[in-house]
Amino acid sequence: MSSSVTRCPGCGSSNIVDDDLYCQAQRVCVDCGSVVSEGISYSRTTAVARKPCLNLIKGLQRVKAICRILRVNNEIENHSQTYYTQAYQHEAFIRVSLQKKEVLAGCCVLVSCRLLNWPITMGTISCLLDADPVVVGAVYQEMIKILNIKAPVFIINDVMEAHSQEYKISSLHVPEELAENSRDLTKRAVALVELAADTWIVTGRHPTPIMMASIYLSWQSLKPNKHRLKLTLDKFCQMAKVNKLKPAMKRIAEMKEVLCKLGREIPWVREAVTPDNVMRQVEDILNHRFALLRRALRTHEETLQAESEASGEDSLPEEAASSQVSEHGEQNSNAPTAEECELNAESAQRPRDGNDDPHTEPEGNTGGGESQAPAPNWGKRVLFAPPCVVHPKRRAQRPECKDVTGDEEISDSEIDSYIRTPREAREFALTQKMLSESEKT
C-alpha cells in the first residue's frame, strides 16, 4: 500500500505514525493499531538529482575565468554561462573535441559582450584561448546559428579603446620616452582608422591587424623622437607584450602611403614627404584631412589630364576623377558609409563593360566576337581604390574546348587499347572461375 494513505482503512482515523520495526519501516494507526503500510516509503523519491558532467563543469569554469580576465560585469558572466550550457547540451556540440568545447566557451563570452554592448574583438578571444582565429570564427558562426542569436556587428572605432588597453606601454611598464597615455593613443588611432576607411584600406580586411597598425603609427606620431621612429613593429610588440600579426606590416605600409599622398599637399611643408619622415606630419594631416583629400584628388586629376593631353589618349574618364572629388568634397566629420563608397567605385567602373565582379580582371570583346586583351585596371589609375580592384585576382586561363560530335575518327592504337591481350584474357577467365567456386562454397 502506498504511503500516501493518510487515513486508516479499518477505523478511518487519521492518527497515523511511522513505526520503525528493526530495519523495516511501517505506518501504524494509533487508535486501532492496524498496520496501514509497511516496507519502503515511496512518498520520498529515490531519484537522484542529475549532476552535470565533468567537461561541462570545466567549461563553465573556463567561461568564468575568461570573464574575470576581461573584467566584465556579472550580467555578461551570467549570460555567457547560460549560452554555454545551452550550446553544450545541443547535439552539434556534444560529441566534439575538448579543444572545440574550449573555443565554445570563448565564443559564448564574445556573443554576450556584443549583445550587451561591451567592446571586444574575436582576435582578443583567440589570443586568450591560444586558438586559431579561423576556428574561433567557425565555432562562433555555428553557435549563433544553433542558438538563434542575432549578434550585432561591431565597428572598429567602438573596440579601439579596449584594444589599445592591451598594449602595456604606460609609464609603469616602459621608460618615460617610450610611454604613452592610453586615452591619447586611442584618440589618434581612431582618427587613423577613419582616414583608412576614407581611402578604402579597411574594406574587406580583418579588423585586428588594422587596429594594430593604427596603434603602432599613433604611438610613433604622438612623440616622433628617434627612440620611437627606429623601433620596428616586432620590437614594439615585444615591448607592449602583445603577439604580432603578420598582416599588420602590410596595413602599416598602406597607411604610410596614404599619409605621404596627403602630406605632399600640405602647403607649409617644403621638404619631400617620405615614409621615413611622414610621422612628423601626421597631426597636421589628421587635423586637415578632408581638405587634403580634396586637394590630393584634384591634383591627381590635373596630372592625369596633362598626361592624356600629352599622349593624345584619355587615360582616365572624367566621371572617375570627378566622383572621387565630389565624394570627399561633401564629407563632414563622419567617415563615409560603405554604400557611398560603393556608388563612387561603380561610377569609375563604367568602362568595364558590365563586369560586376571586382575580384577578377575585366575582359572585353569586340563587335566581331574576337577576343582582345583585358582592359587596363582602373584601380591603378585613380588615387584611392578598393584593395580588390588595385590587386585583382587573375582569372584562370582555361583551354578552349572543341565541340565533340561523336563522329570523330578513332585511331588503331586506341582501338587496340580496348582489346584484351591473350594474357589478360587468361587472367580474367581464371579470376571468374575462382569467384564462381568461392560463391558455391
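Can you tell me which residue in segment 142-180 is modelled with the lowest pLDDT, limited to those that are polar (S, T, N, Q) and under 18 Å from Gly123 (Cβ atoms)?
Filtering first and then ranking leaves Asn157.
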Test: residue in segment 118-130 that is assigned by the TED database to the domain that holds Ile76, out of contact with any helix residue (DSSP H, G or I) (no Cβ under 7 Å at 6 or more places or on another chain) and not β-branched (Val, Ile, Thr): yes
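Condition check ((1) of a type in the set (A, V, I, L, M); (2) more than 16 Å from the chain's Cα centre (by Cα); (3) in the same structural domain as Met212 (by the TED database); (4) open to solvent by 60 Å² or more (accessible area, probe 1.4 Å)) across all residues:
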{"site": "Tyr140", "(1), (2), (3), (4)": "no, no, no, no"}
{"site": "Ile149", "(1), (2), (3), (4)": "yes, yes, no, no"}
{"site": "Ile169", "(1), (2), (3), (4)": "yes, yes, yes, no"}
{"site": "Ala191", "(1), (2), (3), (4)": "yes, yes, yes, no"}
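If I ask for residues that are surrounded by fewer than 20 Cβ atoms within 10 Å (Cβ to Cβ) and among the hydrophobic types (A, V, I, L, M, F, W, C), which ones from segment 151-167 would you list?
Ala151, Val153, Phe154, Ile155, Ala162
Looking at Glu180, Glu176, Glu161, Glu166 in this structure, which one is closer than 19 Å to Leu222 by Cβ, without any contact (Cβ under 8 Å) to a residue 24 or more places away in the chain and charged (D, E, K, R)?
Glu176
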Return the residues of segment 67-106 that are open to solvent by 50 Å² or more (accessible area, probe 1.4 Å) and charged (D, E, K, R); say none if nothing qualifies. Arg68, Arg71, Glu75, Glu91, Arg95, Lys100, Glu102
Just one listed residue, out of Pro275, Pro224, Pro267, is in a loop (DSSP other than H, G, I, E, B), open to solvent by 20 Å² or more (accessible area, probe 1.4 Å), touching a Cys at 6+ places or on another chain (Cβ under 8 Å) and over 14 Å from Ile156 (Cβ atoms), and it is Pro275
The residue from Lys187, Lys241 that alone is closer than 24 Å to His288 by Cα, open to solvent by 30 Å² or more (accessible area, probe 1.4 Å) and in the same structural domain as Arg289 (by the TED database) is Lys187
Open to solvent by 70 Å² or more (accessible area, probe 1.4 Å), at pLDDT below 75 and under 30 Å from Cys108 (Cβ atoms): is that true of Lys51 in this structure? yes
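The values are calculated or read from the model by the stated rules, or taken from the named source; none is laboratory data. Everything quoted here is computed from the prediction, not taken from an experiment. Neighbour counts run over all protein chains shown; Cβ positions are idealised from the backbone, glycine included. The accessibility values were calculated without ligands, DNA or RNA, using every heavy atom of the protein model including side chains. Shrake-Rupley method; radii C 1.70, N 1.55, O 1.52, S 1.80 Å.
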